[in-house]
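What follows is calculated from the coordinates using simple rules that are stated; it is not laboratory data. These figures come from a predicted structure and were not determined experimentally. So basically every Cβ, Gly included, is an ideal-geometry build from the backbone, and we count neighbours across all protein chains shown.
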Amino acid sequence: MAHDEVVARYSHLARAALEGEPIADCSATAFEQGCFGAAGYDDIAALPAAAVRASLGCGDPVAVAELREGETVLDLGAGGGIDVLLSARRVGPSGSVYGLDASPDMVELARRNAEQAGVANAEFLHGTIEQVPLPDRWVDVVISNCVINLSDDKAAVLAEAFRVLRPGGRLGVSDVVVDGEPDPERHRQAEQRIGCVAGALPVAAYRELLAAAGFVGVRIVVTADHGDGVHSAIVQAVKPAAGAGLEIRAMRESDASQVLAIYQAGLDSGQASFETTAPSWEGFTAGKLPHLRYVAADADTGQVVGWVAASPVSSRCVYAGVVEHSVYVHPGCQAHGIGRALLSAFIAAGEDAGVWTIQSGIFPENAASLALHRALGFRAVGTRERIGRHHGVWRDVLLIERRSTVTGT
């Protein structure tokens, strides 16, 4: 469904709600049976009737996001404001909530509902979820309720959610997903019944977009079956935590020169690898998996201060969940927890991607790297004695690995 059609559709519903009419995005029976709208909530008794009437969601993202006192929250596609009002109650006077909607009528309705409810820690913004009018790293939690599926550019929506979240911030979404791509007739039938199927993603595609945006700890749980391969689902993910002033994000082509410079600096130390010269960017990318590449960057300048990436250990399917990783930190930024933050994000992303074993080889003399890996669950499984010559000296390599307790168990 095109953006203008979505806005027009929900503006019409908002105007109806402003006039005191009951509204629903599908038949009343399907709405209630599917736990859409107010039927998806447990505690709405204290909310204005207009906010309850205008609830068109498919779950309770406020409960999903596990909001805490003092947090700052953004609701993508806030509609009549029910999730904003519930969030404002959860985060308390020391917290704040933003509700964003592309329909000016919905924004007007939501502001009226907040005023009626006496909520002072909420602000409603007019804008699109593909281009959020908030600064970088501004909120602790992003929620949404049956809205992301309506966007025709979901990659942009999730990228914006990642951008506005602070490191360690959470995404908690209720949305509609599908089993594969439903055929047109099944799609039409589901759309007639529950109203917000348009553009719904298969679970695997949703996961891929979240990972591409930089999220880790992805969890998608189907909560209701609406027939014709359509389901309500809980979607949760985390923006990787990082040290003060840093951000961990997916590696980009534009990071090439900085990534390779850090790589070369590590090789120059004589303790990182048998290699002595960093490859070209083409050589680097050819040897690495297209996903599972992250950088730690200065949040203000964008300067890359460390990176982590993975290579497959074999093309045989039996080793599909086994990778070999490398992690490098700029020499001037070591001993600041950057390597630990990068490796933690990498482990989480690997488990999201079905990786059950991460392995690498480390020189025994590289005490700092060994300590880092042991702290994050790696163990030495053996020593490859005098495996190769480095600057004319035969050297041992410790083979380390980390077996997931989540994937492949």
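Of the GluC sites (Glu not before Pro) in the range 252-359, which ones lie in a loop per DSSP and count no more than 16 other C-beta atoms within 10 Å? Qualifying residues, ordered by number: GLU275.
Ordered by the number of other Cβ atoms lying within 10 Å of each residue's own Cβ, fewest first, LYS239, LYS288 fall into the sequence LYS288, LYS239.
Applying 0.36 nm per residue to the separation of ALA367 and VAL221 and subtracting their alpha-carbon distance, the gain on full extension is 48.4 nm. Ranked for footprinting exposure by Cβ neighbours inside 10 Å, fewest first, SER174, SER232 give SER232, SER174. If you plug the beta carbon distance of LEU125 and TRP394 into 1/(1 + (r/R0)^6) with R0 = 45 Å, you get a FRET efficiency near 0.10. Annotation for the range 309-409: chymotrypsin sites (Phe, Trp or Tyr not before Pro) lying in DSSP loop with at most 11 further Cβ atoms inside 10 Å of their Cβ do not exist.
Taking a ≥ b ≥ c as the square roots of the eigenvalues of the Cα gyration tensor, the range 246-403 is rounded, since a/c falls below 1.5.
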